[in-house]
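See below for the structure under consideration.
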Amino acid sequence: MRFVVAFLSLMALFGFGAPASAAWYEASSDHFVIYADDSERDVREFSQNLERYHSALEYVTGREIAKPSPSNRLVIFVVGNQSDIRRLAGTNSRSIAGFYVPRAGASRAFVQNIQMKSGYPSFSTTVLLHEYAHHFLIASSSYAMPRWLSEGAAEFFAAATFNDDGSVQVGRPAQHRAGELAFADEVPIRELLDAALYDSSERKGYDAFYGRSWLLYHFMTFEESRRGQLTGYGNRIIAGDAALEAADAAFGDLDELEKDLDRYLKRRSLYNLKLPAEKIAIGEVRLRELPEGEAKMMDVRIRSQRGVDRETAREVLEDARKIARRYPDDPGVQTALAEAEFDAGNDAEAIAAADRAIAVDPNRANAYVQKGFALFRMAGSAPDSKAAYARAMAPFSALNAIENDHPLPLIYYYRSFAEQNEPPNQTARQALEWASELAPFDHHLALNTAVMHARFGEIEQASQKLAPVAANPHGGQMTNSARMLMALLATAEEGVPFNAGDVTASISTDGDDGGKEGAE
């Protein structure tokens, strides 16, 4: 399985240094699933803190997002120390302590173990919180945020502290940016506010973009004389004002704003919000100790869901088969085997393993997904494609009956038309659109949904889908494709079907993993 990595950087848990002898636990809550080789107490506390953080985001922003379907939650794998993370990521970089991949029905974070600490969080913790803030903000708004605002908000929330009394402090001074703000090259206010101007400037090294973005967001949040300006600025951006035009109108003289920021940074103390426990609502955290077979299969599962190439797929499959022979009736083991078989190109074997898992546990979602993946790949070369794609949809339809808002059955229903070069019916189009609403953080899905709208002449809807992707500073080729398509759509006529040719072709293969979108 190959996937688009939307983010790869320092990231770790609130965490816990896991002893090798500890049991594997699954902690399941409203928004997260955590797998960790640690004590029940620590796994539960970590899960509760993440849910407190989500609740704090909702309270402070005033935004609420619907509880995700079980398979659309963020799944976090605790995988070991930094060396383990580097091996899993396939890099020798010492700056990487974990990575995060947002995908429809398969968002994953792979993180290392650290020790819990009270007070201001460790830097690795703040990066995890930073990325989840992005995840939350994208999921709770259909509009693209300017780069400084996106990063400034994420930094603002990332310095959260979880207190023993259940309260959460949000908006603490970003101590992890202190060195950057003091010593890195300063970013002038106009370059901070205008991403295009920033990108066009010659950079000699590390600068204070993240630190200054945090400073501006913190200033606009707490400075009484600026009350309401950030909301006004956001409204102008949504209305389509250019970056500096919106800032001039909302913030006034930008040179004066820059001076105010410098003075604000020199204050001896800054405000933060302390949310008492009674304002932090979290649901139940359910813990399950993994049975012996499933626990032994965790290494296989982690490597599979991280992503494999042809060589590593064979290595993972060899390990998976050894374990699966010992635990033929364990549905978790057989589901992981089905994924490893699919990754290695063995469709019939993947289907057989998935069927064994479903026979024991009919609610094992990933078994249906792996079976569907294999059947879809087989359908591509079947002599009777219509019948083959109908068979391929059967496991996704069964999964849809179990989990109505799982995005993958919706995506693959649309694909059942697209892969046969048939015009999708209205239901298929609505399915793809709904999947992108359920998983707005999946930018590859947003691109494909935008292409669908463009082909049916729905130019405004296509442009709206593309805007957050085009604004993503970490999007790579996806961002470039989105910007190219937006430029072409700027001259397109609403109501007239639009085909962007080479651009849409590149979008359809960008991040393609041979049909495997991933699932839990």
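Values in this text are rule-based calculations from the coordinates and carry no lab data. These numbers were taken from a predicted model, which means no experiment stands behind them. Please note: Cβ atoms are built from the backbone with ideal geometry, for glycine as well, and neighbour counts cover all protein chains shown.
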By how many degrees, between 0 and 90 and to the nearest 10, does the Cα long axis of helix 365-379 differ from the longest principal axis of the chain? 70
Net charge near Ser167: determine it from the other residues with C-beta under 10 Å of the C-beta of Ser167, scoring Lys and Arg +1 and Asp and Glu -1. 0
Under 5 Å between amide hydrogens, which residues at least 5 positions from Gly80 or on another chain qualify, with H placed 1.01 Å from N in the peptide plane? Asn113
Got a sec to turn the phi values of the range 250-264 into Karplus ³J(HN,Hα) couplings, 6.51 cos²θ - 1.76 cosθ + 1.60 with θ = phi - 60°, whole Hz, x for Gly and Pro? 8, 9, x, 4, 6, 5, 5, 4, 5, 5, 4, 4, 4, 5, 4
Cut-off 17 Å, label 7 Å out along Cα→Cβ of Lys279, residues of the range 58-74 by amide N: 58-64
In the chain, what % of DSSP beta bridges are antiparallel (nearest 5)? 65
Based on the Cβ-Cβ distance from Asn404 to Glu245, what FRET efficiency comes out when R0 is 45 Å, to the nearest 0.05? 0.55
7 Å from Cα along Cα→Cβ at both Glu315 and Ser83: what's the point-to-point distance in nm? 1.6
What number comes out for the charge environment of Thr312, summing +1 per Lys or Arg and -1 per Asp or Glu over other residues with Cβ under 10 Å away? 0
Can you give the helix-only mean residue ellipticity at 222 nm for the chain, where every DSSP H stretch with n ≥ 4 adds -39500 (n - 2.57) and the sum goes over all residues, rounded to the nearest 500 deg cm²/dmol? -17000 deg cm²/dmol
Under the Karplus curve 6.51 cos²θ - 1.76 cosθ + 1.60, θ = phi - 60°, whole-Hz ³J(HN,Hα) for the range 37-47, x wherever Gly or Pro sits: 8, 7, 6, 4, 4, 5, 5, 5, 5, 4, 5
Listed residue pairs exceeding 24 Å between alpha carbons, taken from Lys67/Lys386; Lys67/Lys465; Lys322/Lys371; Lys279/Lys465: Lys67/Lys386; Lys279/Lys465
At 0.36 nm per residue, minus the direct Cα-Cα distance, what do Asn363 and Glu40 gain on full extension? Give it in nm, one decimal, please. 113.8 nm
Using 7 Å Cα-to-Cβ label points, what is the Ala352/Ser201 separation (nm, one decimal)? 6.2
Between the helical axis of 209-222 and the dominant principal axis of the chain, each derived from Cα atoms, what acute angle in degrees is found, rounded to the nearest 10? 70
Which shape class, rounded, prolate or oblate, goes with the range 157-259 when its Cα gyration tensor gives a ≥ b ≥ c as root eigenvalues, a/c under 1.5 marks rounded, and past that a/b bigger than b/c marks prolate? oblate
Roughly how many whole Å is it from the C-alpha centroid of the range 337-372 to that of the range 241-277? 53
Each label point is 7 Å from the Cα along the Cα-to-Cβ direction; what then is the distance between the points at Asn499 and Ser269, in nm? 6.7
If the label point is 7 Å along Cα→Cβ of Asn480, which residues in the range 306-329 have backbone nitrogen under 16 Å from it? none
Normalised contact order of the chain, rounded percent, pairs of Cα under 8 Å and 6 or more residues apart: 16
Relative to the longest principal Cα axis of the chain, at what angle does helix 147-158 sit, 0 to 90 degrees, rounded to 10? 80
